[in-house]
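Trainee: Before I ask anything, here is the structure I am working with.
The values are calculated or read from the model by the stated rules, or taken from the named source; none is laboratory data. Being a predicted model, the structure only gives us computed values, none of them experimental. No Cβ is skipped: glycine too gets one built from the backbone with ideal geometry, and neighbour counts run over all protein chains shown. We work out accessible area using only protein heavy atoms, side chains counted, and drop any ligands, DNA or RNA first. Shrake-Rupley method; radii C 1.70, N 1.55, O 1.52, S 1.80 Å.
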Amino acid sequence: MDLERINKYIENLYKDKEELNRKKFQDETELKDFIPVVDDDVARFLKLIITISSSRDILEIGTSIGYSATSMAQILKKYKGHITTIEFDEAVAKQAKENFIKSGVADIIDIKIGDAKVIIPGLNKKYDLIFQDVDKRLYPVLFDDCIKLLKPGGILVADDTLFPVIDLDPKWHYLIPAIEEFNKLVMTDDRIESTILPIGDGVTIALKKQMNITV
Ligand SMILES: C[S@@+](CC[C@H](N)C(=O)[O-])C[C@H]1O[C@@H](n2cnc3c(N)ncnc32)[C@H](O)[C@@H]1O
């Protein structure tokens, strides 16, 4: 299976459908130096999974310029949902805020500026969905906290989890061991049911089990 060809096909098929797309969002962002944001098919997946699961309270780890948060907020706005998103780069967070205002979703997004390692243990609310998209080296470090922060029946989505097997730019190779560690943690954890989808650079979806119910 040629993943790149498949992704191109999907991208072409949907390119005129989305009102918000990654290229336009990035082009209209003044700040040009930032970590890449999710692919359009991952943004579409997030919107679908929020709708299917009726998620209202969302935690995003890794805001960047706010593309994924804006995509999710478009859906959440209709259902009076809310996103908390965490970013430690102040310039990037400022740009994300401007993008939220421009897109009309600033009222439902709370951006916390600081290190996710410090902020996450201090959160005292439970979430319907957590989108993990921070520095990949933090995925295994924050995994247990993420599961604890989910409500029973809550969903963890993590981006880039097929880094070990895709044709990855060598500049990101140092991140592969952390993703491999994370994937094993997810696969062996009894509190969740999970799989990895071959969209974008790989997306993990994990469901926190309800008490006494196995999927
Ligand atoms: C892949 S980008 C997020 C992309 C975003 N989710 C999107 O698709 O629009 C990861 C972001 O995490 C931020 N980051 C990295 N390490 C962090 C940390 N320890 N705490 C908070 N943010 C961090 C980076 O500055 C970067 O903007």
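Trainee: When you have a sec, figure out the Kirkwood radius of the chain from all distinct Cα pair distances and drop it here in Å to one decimal?
Mentor: Numbers: mean 1/r = 0.0572 Å⁻¹.
Result for the chain stands at 17.5 Å.
Trainee: Pop out the carbon and sulfur fraction of the accessible area of region 3-208 as a percent, whole number, probe 1.4 Å. Before the final figure, lay out the partial values.
Mentor: On the way: 5610 of 10320 Å².
Looking at region 3-208 in its full context, I get 54 percent from C and S.
Trainee: Same structure, new question: Order these peptides, 81-91, 99-109, 156-166, by their mean beta-carbon neighbour count within 10 angstrom, highest first.
Mentor: Working: 81-91: 19.5, 99-109: 17.9, 156-166: 21.2.
Those peptides, ordered most packed to least, come out 156-166, 81-91, 99-109.
Trainee: What nm value, rounded to one decimal, do you get for the distance between SER53 and MET187 when each label is placed 7 Å out toward the C-beta?
Mentor: 2.1 nm
Trainee: Next up: Compute the distance in nm between two label points, each set 7 Å from the Cα along the Cα-to-Cβ direction, one at ILE35 and one at MET211.
Mentor: Reported label-point gap for ILE35 and MET211 is 3.6 nm.
Trainee: Mind scanning LYS47/LYS80; LYS78/LYS117; LYS80/LYS151 and naming the pairs with a C-alpha gap bigger than 22 Å?
Mentor: Values: LYS47/LYS80 14 Å; LYS78/LYS117 31 Å; LYS80/LYS151 18 Å.
Long pairs (Cα-Cα over 22 Å): LYS78/LYS117.
Trainee: Quick one: net charge of ILE120's neighbours, Cβ under 12 Å, K/R +1, D/E -1? Kindly include the intermediate steps, with their values, before the conclusion.
Mentor: Details: positive: LYS112, LYS117, LYS125, LYS148; negative: GLU60, ASP115, ASP144, ASP145.
Net charge around ILE120: 0.
Trainee: Separate question: Under a straight-distance cross-link criterion of Cα-Cα below 17 Å, which lysines are reachable from LYS171, leaving out those fewer than 8 residues away in the same chain?
Mentor: Straight-distance partners of LYS171: LYS136.
Trainee: Something else about it: What are the aspartates and glutamates whose alpha-carbon lies under 19 Å from the alpha-carbon of LYS77, with same-chain residues fewer than 8 places away excluded?
Mentor: Qualifying aspartates and glutamates at Cα under 19 Å: GLU18, GLU19, ASP57, GLU60, GLU98, ASP107, ASP110, ASP128.
Trainee: Using a cut-off of 14 Å between beta-carbons, work out the net charge of the residues near ASP33 (Lys and Arg +1, Asp and Glu -1, ASP33 not included). Walk me through the intermediate numbers first.
Mentor: Details: positive: LYS32, LYS94; negative: GLU30, ASP89, GLU90.
Once all neighbours under 14 Å are counted, the net charge is -1.
Trainee: Take TYR9, TYR14 and sort them by solvent-accessible surface of the protein heavy atoms, 1.4 Å probe, largest at the top. Intermediate values should be presented prior to the final figure.
Mentor: Details: TYR9 145, TYR14 80 Å².
Result of the area sort, largest leading: TYR9, TYR14.
Trainee: If you add up the charges near PHE88, with Lys and Arg at +1 and Asp and Glu at -1, over every other residue whose beta carbon is less than 14 angstrom from its beta carbon, what do you get?
Mentor: On the way: positive: LYS94, LYS112, LYS117, ARG137; negative: GLU60, GLU87, ASP89, GLU90, ASP115, ASP133, ASP135.
Residues close to PHE88 contribute a combined charge of -3.
Trainee: Something else about it: Quick one: if you stick a label point 7 Å off each Cα along the C-beta vector at GLU90 and HIS173, how many nm between them?
Mentor: Rounded to a tenth, the inter-label distance reads 3.6 nm.
Trainee: Sorted by accessible area (1.4 Å probe), largest first, how do MET72, MET187, MET1 line up?
Mentor: The residues order as MET1, MET187, MET72, largest area first.
Trainee: To continue, here is another question. How far, in nm, would the chain grow between LYS78 and ASN124 when pulled straight, counting 0.36 nm per residue and subtracting the alpha carbon separation?
Mentor: Values: separation 46, 0.36 × 46 = 16.56 nm, distance 2.53 nm.
Full extension of this stretch gives 14.0 nm more.
Trainee: Turning to a different aspect of this structure: Please work out the Kirkwood hydrodynamic radius for region 1-87, using every pair of different C-alpha atoms, and report it in angstroms with one decimal place. List each step's numbers first, then the result.
Mentor: Values: mean 1/r = 0.0718 Å⁻¹.
Here the Kirkwood hydrodynamic radius works out to 13.9 Å.
Trainee: Just the number please: accessible area per residue for region 3-208, 1.4 Å probe, all protein chains included, in Å². Can you show the working numbers first?
Mentor: On the way: 10320 Å² over 206 residues.
It amounts to 50 Å² per residue over region 3-208.
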